[in-house]
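Accompanying notes for the structure given below.
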Amino acid sequence: MELTITIAFALGAYLLGSVPTAYLVVRIVRGADIRELGSRNVGAFNAYKQVGPWGGVLVLLADTAKGVLAVVIPRLAGADDWTLFATTSLIVAGHNWPVFLNFRGGKGAASILGISLALMPVLTVIAVVPGLLAMLWLRNLVLGTALGMAILNALLLVTGQDGNMIALCVFLTLIVTVTYLVSIRRHITMSVKARQWRELFMEMAA
């Protein structure tokens, strides 16, 4: 019975994560496919560039809410840690590889933010602040996000959080990192070959 419940929650999480909020907002407002615009990423920042601040905020809130639900619903149902691990991982997988968009989606950062806020709100806020400041200073969304995630993982270790919590956070960080690196593999290859180290780190696509 527990396995059946875990599978049901996991499938539901993947399907919820697969709902392409950014794609729907841009399609409704502009009648265009966000995967063919800007950075082609199906995420809040690209939606912001294509339809303006309100569209970006709407997508950010919706995708963050997915992460929150991936934690809250299993907890309300009294599910075990394995179920929580499955729902949080698959909500991000659904966002990154949505079945409704032929498995071409975003990078999962907003959903991970929602998961973190639901699991460890105080540590998440502490990590988000320097990440946001770095983002504004460097004018680079990717580096700011990376800093925030690195700080959050470090905080989990130094504050002695539960091992399962640390493992989940590290795993989700790896998912978004690998997804992003794969999406910019051409940029990485060209920059390394040309030895353009500044461009490699400072001009990454958002």
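The values are calculated or read from the model by the stated rules, or taken from the named source; none is laboratory data. Note that this is a predicted model, so its numbers are computed, not measured. Cβ coordinates were reconstructed from backbone atoms using ideal geometry, including for glycine residues, and neighbour counts include every protein chain displayed. Areas reflect the complete protein model, heavy atoms only, side chains present, ligands, DNA and RNA absent. Shrake-Rupley method; radii C 1.70, N 1.55, O 1.52, S 1.80 Å.
Within the listed set 151, 112, 91, the residue fluctuating most in the Gaussian network model of the chain (springs between alpha-carbon atoms under 10 angstrom) is 151. Largest first, the three principal axis extents of the alpha carbons in the range 58-147 are 42, 35, 22 Å in whole numbers. Each peptide in 3-13, 115-125, 57-67 receives the mean, over its residues, of other Cβ atoms within 10 Å, and ordering these scores from highest gives 57-67, 115-125, 3-13.
Largest first, the residues 71, 128 sort by 1.4 Å accessible area into 128, 71.
Amide H contacts for residue 42 (H built 1.01 Å from N in the peptide plane; partners 5 or more residues away or on another chain; cut-off under 5 Å): 106. Surface composition of the chain: carbon and sulfur atoms hold 70% of the protein heavy-atom accessible area at a 1.4 Å probe.
In terms of its C-alpha gyration tensor, the chain comes out oblate, because a/c is 1.5 or above while a/b does not outweigh b/c. Where a ≥ b ≥ c are the square roots of the eigenvalues of the C-alpha gyration tensor, would you call the range 95-183 rounded, which needs a/c under 1.5, or, failing that, prolate if a/b is larger than b/c, or oblate? Note, shape of the range 95-183 comes out oblate. All distinct Cα pairs of the range 55-102 go into the 1/r average, and the inverse of that average, the Kirkwood radius, is 11.5 Å. Compared with the direct C-alpha span, the chain from residue 29 to residue 136 gains 35.8 nm at full extension, assuming 0.36 nm per residue. Relative to the longest principal axis of the Cα atoms of the chain, the long axis of helix 163-183 lies at roughly 30 degrees.
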